[in-house]
Every structure is written in C-alpha cells, then in structure tokens.
Amino acid sequence: MSNPLYSHREQENNQRFDNLAQTLSQFRNTVNNDIHGSIQQENSTLDLLNDNFSQLMHSVKRTSGDLRNVMNRNASLTKIVGLILLAFFVIWMLYKLR
C-alpha cells in the first residue's frame, strides 16, 4: 500500500520539479533578454554621445584656432576686449558680493 502512495507522491514531486525548472528557465530567459536589450540601448546611446562630443571637440578646436588668429592679427583690439571683459567681471563680482 505504501508503494503506490510513494509512487504517486514521487510523480507529484517530479511534476512540481519540472514546473519549477520550466518557470526558472522562462525567468532566466526573460531576464537575459531584458538585460541584453538594455545593454544594446545603452551602447547605442553611448555611441551617439561619443559622436556628439567628437563633433563638439572639433568645433571647439576650430573656433579656438580662429580666435587665436584674430587675436594675433589685432593685438590692440584684443587688449581692449580683455580690459572690457575684466571690468565687466570686476563689476559683476562687486555686485554679487553685496
């Protein structure tokens, strides 16, 4: 009598174990797919940011080169602009300290 009961319980345990294994497999696949999708999206975002920063760096280098050329050509104008900026900065700092 205990043998059929034992067999029945063993079948139930095996069935539950199979269900658990299937659920864990589905969960693992879902998590792996979600992580993979997130990583791909973040990599795309990082690539886009890298491209944008490269363009920005190129623009800054070009602009600074142009500014250097203008400053070298017009030394007196550069001094006047520098003095105006210095005066503006001093006035702004005095205003902020109040």
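Scanning the stretch 57-98 for residues that are surrounded by 10 or more Cβ atoms within 10 Å (Cβ to Cβ) and not in a helix (DSSP H, G or I) yields one hit, N74.
Here E12 meets each of (1) modelled with pLDDT under 95; (2) under 31 Å from the mean Cα position of the chain (by Cα) with one exception, condition (2). For F17, the conditions (1) modelled with pLDDT under 95; (2) closer than 30 Å to G82 by Cα; (3) hydrophobic (A, V, I, L, M, F, W, C) are fulfilled apart from (2).
Of the residues in the stretch 20-29, at least one is under 26 Å from the mean Cα position of the chain (by Cα) and either among the hydroxyl-bearing types (S, T, Y) or surrounded by 10 or more Cβ atoms within 10 Å (Cβ to Cβ) (or both).
The values are calculated or read from the model by the stated rules, or taken from the named source; none is laboratory data. Because the structure is a prediction, the values reported are computed rather than measured. Backbone-built Cβ (ideal geometry, glycine too); neighbour counts: all protein chains shown.
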